[in-house]
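The values are calculated or read from the model by the stated rules, or taken from the named source; none is laboratory data. Everything quoted here is computed from the prediction, not taken from an experiment. Note that each Cβ is placed from the backbone with ideal geometry, even for glycine, and that neighbours are counted across all protein chains shown.
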Amino acid sequence: MEVLPQIRWEDETSTVVLDGQVRIEEWLERYDTDLSGKAALSASKNVSQTLELFGDAMYETRKRASPDLLVNLPPDGEIAPPTGTDFELDPTLIDQTVRRQSASASFGAAKQLSSTQSLRGQVATGANWFDQRGLDYRTTSLDLSYNQDLSPRVSLVLGANGSLSDFLDQARGDGVFATAEAGFEFETSPTGTLAARAGLSIVRVDTGFGETDNGEYAVADVEFCEELFQGKMCASGSRESRPTTIGGASTVTAANFSWNKQYDRGENLTLNLRYSDTKASLAAFDLADVQRTKFLGASAYYARPISDTVGVYVSPSAVKLFDDPFDRGSNYQIMFGLTLNFGR
């Protein structure tokens, strides 16, 4: 059972959104009842015609499979209204559930430098606490991006990111990550776009043995979006580096496909496919080998309004993990829901 309240304030220059979530999950076997909750606040303000300020804050608590960054499953998205675009986390990770509390905040600004140039920057920080010793960690990051229109249909994009990971009860896993990318964005048609970027990520992670695991990794991402079968289709591929909780770094190669159609009667249909291949260093165990996890997921989401304030939805999903050297299972689920809209 899940409740998703939302309150939204808007005027000519500002937007403030307060989101909440209360969810109760009862597993048929193996796992206890999970009571989770989330509160998020986001705001933006157009200070002038060329400057926008934005920020957000979030707190969440849940008891799910241990969210070890080594595994690099998809983000903690929920298959729930209104979009249903993400996958459920695999609850069979090491056959354990650990209560986690998360808090994060970010602040940024977007500046239109001229009719063809724009600059965007954001600072973010977050912390995670677990009911299991040795997993607590916090992160801090800085993102910068620059956009230059080269023609009415082509733009140059430059990006840089720096981040720190800090495990609170140990030095192992503490790391510094720096990434620089360059790419282009194209309007391939009146309804289609293509974005491609490539760059280099430099990683320095404490292995916990007085040594540092250093690495340089090629990173890239490509996304193509176009209208298809009277809906919006997006396909993307990416390669990136991330920290692991056991010290070291992982390289994640992923591919995603999504298709969404909004019907005249207010119906909404979304289809999603995701594949990822994670190679994680086992440097903290003084091993030259890596752990390799492959993730394959599919989900669908269909919503239909019954009246101006009441709607129904259904969302099936399936997840399969191929893990070396651990044995992992498959997960299947189907969710039915009722949505109630209060106000406008």
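Could you look through segment 128-171, keep only residues that are charged (D, E, K, R), over 22 Å from residue 197 (Cβ atoms) and in a loop (DSSP other than H, G, I, E, B), and pick out the one that is nearest to the chain's Cα centre (by Cα)? Among residues in segment 128-171 that are charged (D, E, K, R), over 22 Å from residue 197 (Cβ atoms) and in a loop (DSSP other than H, G, I, E, B), the one nearest to the chain's Cα centre (by Cα) is 136. Within segment 155-181, being among the polar types (S, T, N, Q) and touching a strand residue (DSSP E or B) at 6+ places or on another chain (Cβ under 7 Å) holds for 155, 161, 163, 165, 179. Can you say whether residue 175 is in contact (Cβ under 8 Å) with a residue 60 or more places away in the chain and under 29 Å from residue 132 (Cβ atoms), as far as the supplied structure shows? Answer is yes for this residue. Within the option set 64, 120, being at pLDDT 70 or above and basic (Lys, Arg) holds for one residue only, 120.
Filtering segment 180-209 to residues that are surrounded by 18 or more Cβ atoms within 10 Å (Cβ to Cβ) and either acidic (Asp, Glu) or within 16 Å of residue 235 (Cβ to Cβ) (or both) leaves 181, 185, 197, 206.
Under the condition of being touching a Ser or Thr at 6+ places or on another chain (Cβ under 8 Å) and either surrounded by fewer than 17 Cβ atoms within 10 Å (Cβ to Cβ) or free of Cβ contacts under 8 Å to residues at least 40 places away in the same chain (or both), the residues counted in segment 135-149 number 9. One residue stands out in segment 27-56 among those that are in a loop (DSSP other than H, G, I, E, B) and at pLDDT below 80: the one that is nearest to residue 6 (Cα to Cα), namely 33. Checking residue 125 against (1) within 21 Å of residue 38 (Cβ to Cβ); (2) in contact (Cβ under 8 Å) with a residue 24 or more places away in the chain; (3) not in a loop (DSSP other than H, G, I, E, B): exactly one of these is not met. Which one? Tallying (1) within 21 Å of residue 38 (Cβ to Cβ); (2) in contact (Cβ under 8 Å) with a residue 24 or more places away in the chain; (3) not in a loop (DSSP other than H, G, I, E, B), residue 125 fails exactly one: (2).
Might you let me know whether segment 259-271 holds any residue that is exposed (fewer than 15 other Cβ atoms within 10 Å of the Cβ), modelled with pLDDT of 70 or more and part of a strand (DSSP E or B)? Yes, the conditions are met somewhere in segment 259-271.
Among the residues of segment 197-237, those that are modelled with pLDDT of 90 or more and small (Gly, Ala, Ser) comprise 198, 199, 220, 235, 236, 237.
Number of residues in segment 182-214 that are touching a residue at least 40 places away in the same chain (Cβ under 8 Å) and touching a strand residue (DSSP E or B) at 6+ places or on another chain (Cβ under 8 Å): the value is 8. The set of residues in segment 301-316 being hydroxyl-bearing (Ser, Thr, Tyr) and closer than 26 Å to residue 330 by Cα consists of 301, 302, 313, 315.
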